[in-house]
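Data block below; observations after.
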Amino acid sequence: MTRLNRRQFHQSLLASAAAASLPTFASAEATPILNARVSSARLAPAKYPETRIWGYDGLTPGPVLRARQGERMTLLFRNDLPQASSVHWHGIRIENAMDGVAGMTQSAVEPGADFLYDFALPDAGTYWYHPHNRTYEQMARGLYGALIVDEATGAPEVDLDEVLLLDDWRLTDEAQIAEGFGNMRDWSHGGRIGNWITVNGDGAWARDVPRHSRMRLRLINTANARIFSLDTKGLEGWVLALDGMPLEAPQPLGDLVLAPAQRADLIVDVIADEGEEAFLVSVESDGGYAIAAFPVGGAVRQERLAEPTALPPNPVPALGDLGTARHAELRMEGGAMGGMRGAMMGGQMTDMRDMAAQGKVWAFNGMADMGDTPLIDASRGETVRITMTNDTAWPHGMHLHGHHFRQIAADGTLGPMRDTVLMTRGETVEIAFVADNPGDWLLHCHMLEHSAGGMMTWLRVS
Ligand code: C2O
Ligand code: CU
C-alpha cells in the first residue's frame, strides 16, 4: 500500500465520496421520461396509410416498463397531447397519490405539463399502464403499455418471455381511428368494439420459435370493451397467474377468456412440428382468427420440459373472517334493454332520456355519478365483502383500484386473486379483500364506455 500525502488523501476522499453518491445523482438527473404524444403507427397492412395515434413515447403499445419486485418505479410523465391526461398503473397495489386517477388522486396533467410518478412495486407479475382521463378516447387512440415486475426470486426458466398486448381498433376505410368516441349507442350497448385486432400494435404479429421451446406469454387485454376468447394451436401449457397474481398451482391451459384489463401469464411449450406454425387464436362468433403466429424452427431440445411449478406468491394479506367482514351490495343497472327508467344524478332523480343527454346511461345502486359518499368506508386492515349484481343485459368487467380481491363462490370456496372480474348478464358475484391500502379507490367497469356512462363508484380506506 502506498502512503498518501495530505493532498492526495483529500483527493481520494473526495473521489470516493463522489463515487458513493454517484448513483443518486445519476438517477435523479436521469429520471426516465414517459412522454405522451401524437404520432403514427403501422397498424394496418402495407397497402393502407399509417394510422395517426396517440402513444407513450410516440408508440403503441408504449414501451414495456420493467423492474424487479421490491424496487421503485420513478418516471416523469410529460403530456404533449392536445388533451389533459394522467397515468394509472393498473393492478399495482400502489400508494394512493400515485394511482393516476384524474380528478380524484391528482389533477389531470394539462398539455405541456408534467407529473412525477414514484412508487413501490410490492408484487411481481404482469401489470399495465394507461390514462385515467377521458380513458375511453385516449386508450382507443393507442395510449397503453405493459408494466412488468420480475420476481425477486423464483422466476420460472423459459426460453422466451413475450408480452402480448391484445387490442381492437375501430378504423375507417383509410385505416384512421374512427371518431365518435361519445357515441351513445356504444355506451349503452357493449362499448366501442373495434374492427381491427392487433397484438403489440401489429395486425400480423409473428415470432419465430424453436420446437420444444418454452415461452412465458404475458397476455394483456387493452381493448376498450372487447372480451377476448382465446385458444391456442400447436402450443400446450398452463396458466400461472391471473391479473398479475400467481395461482396456487398451474392450471392446464384450456379456453381462456380475458375481459378488458384482465391479464394472464401462461407457460407454453411449442409442440407443433418444425416448419409448421403455432398460433394464438381469437375465437369470434364466426370462427377462430390467428392473432399471433409462431413459425416453428428446429427443436431446441429432444423432449418437452417438465411441468412448471407455481410462481412464488405475492405478499397479499390473507382474508379475515368473512362472516363479520364489512359488507356492501352493488346493483348494476341501465344500458340498452335494461329497463332502467332513471337514476340519481347530482342529487336529483333524472329520467333515462335526460341522463342520456348528459352522457349517463348506467347506474350503480340507483346513482349515475360517483356521489360524495363512498360505497364503503373501511378501516385499514378490515376485510371487506362486496356482493355485485349485474342487473343489466350486458357483460361487465369490474375493476377495483389499489387492491386485489378474491371471488367467493356460492359454496364458499375462494377463487384466484384478481383485480378485474368478468360478470355475465344477470350474474351475481361476491368479492372479498383486505382493505389495507389507505386512500380513495375506484371500483368501476373497465368497459370504458360503461364507466364513462355511469358505472363507477369509490371506496375509502382510512
Ligand atoms: Cu385500468 Cu380505473 O383502470
Ligand atoms: Cu360494463
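The values are calculated or read from the model by the stated rules, or taken from the named source; none is laboratory data. The structure presented is a predicted model; accordingly, all values stated were derived computationally and were not measured. Cβ coordinates were reconstructed from backbone atoms using ideal geometry, including for glycine residues, and neighbour counts include every protein chain displayed. The accessibility values were calculated without ligands, DNA or RNA, using every heavy atom of the protein model including side chains. Shrake-Rupley method; radii C 1.70, N 1.55, O 1.52, S 1.80 Å.
Return the residue satisfying two criteria in turn: it lies in the stretch 35-58 and is under 22 Å from residue 121 (Cβ atoms) and touching a residue at least 40 places away in the same chain (Cβ under 8 Å), and of such residues it is surrounded by the fewest Cβ atoms within 10 Å (Cβ to Cβ). Filtering first and then ranking leaves 35.
For every residue, the table says whether it meets (1) touching a residue at least 12 places away in the same chain (Cβ under 8 Å); (2) under 28 Å from residue 123 (Cβ atoms); (3) small (Gly, Ala, Ser); (4) not assigned by TED's automatic domain parsing to the domain that holds residue 169.
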| position | (1), (2), (3), (4) |
| --- | --- |
| 218 | yes, yes, no, no |
| 221 | yes, yes, no, no |
| 249 | yes, yes, yes, no |
| 255 | yes, yes, no, no |
| 262 | yes, yes, no, no |
| 268 | yes, yes, no, no |
| 280 | yes, yes, no, no |
| 293 | yes, no, yes, no |
| 304 | yes, no, no, yes |
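Answer yes if at least one residue in the stretch 283-292 is hydroxyl-bearing (Ser, Thr, Tyr) and open to solvent by less than 40 Å² (accessible area, probe 1.4 Å), and no otherwise. Spell out the reasoning first.
First, pick out the residues of the stretch 283-292 that are hydroxyl-bearing (Ser, Thr, Tyr): 285, 289.
Still in the list and also open to solvent by less than 40 Å² (accessible area, probe 1.4 Å): none.
Scanning the stretch 283-292, I find no residue that is hydroxyl-bearing (Ser, Thr, Tyr) and open to solvent by less than 40 Å² (accessible area, probe 1.4 Å), so the answer is no.
So which residues in the stretch 234-252 are open to solvent by less than 30 Å² (accessible area, probe 1.4 Å) and of a type in the set (Asp, Glu)? The one that is open to solvent by less than 30 Å² (accessible area, probe 1.4 Å) and of a type in the set (Asp, Glu): 243. Among the residues of the stretch 59-71, those identified as closer than 17 Å to residue 123 by Cβ and part of a strand (DSSP E or B) are 65, 66, 67, 68. For the stretch 306-334, a residue qualifies if it is over 24 Å from the mean Cα position of the chain (by Cα) and outside any strand (DSSP E or B), and the qualifying residues are 306, 307, 308, 309, 320, 321, 322, 323, 324, 325.
Hand me the list of strands (runs of 3 or more DSSP E) wholly inside the stretch 409-462 holding 3 or more residues that are touching a residue at least 12 places away in the same chain (Cβ under 8 Å) and within 16 Å of ligand 1 (Cβ to nearest atom). I'd like the intermediate steps shown before the answer.
Numbers: elements: 414-418, 420-423, 428-435, 439-445, 456-461.
Qualifying strands (runs of 3 or more DSSP E): 420-423, 439-445, 456-461.
Cβ separations smaller than 7 Å between residues 6+ apart or across chains give the following pairs from the stretch 187-202 residues that are more than 17 Å from residue 49 (Cα to Cα) and open to solvent by less than 40 Å² (accessible area, probe 1.4 Å) to residues that are basic (Lys, Arg) and assigned to a loop (DSSP other than H, G, I, E, B): 192/170; 194/170; 194/226. Inspection of the stretch 355-365 finds a residue satisfying the criterion of being within 27 Å of residue 94 (Cα to Cα) and either within 16 Å of ligand 1 (Cβ to nearest atom) or over 25 Å from the mean Cα position of the chain (by Cα) (or both).
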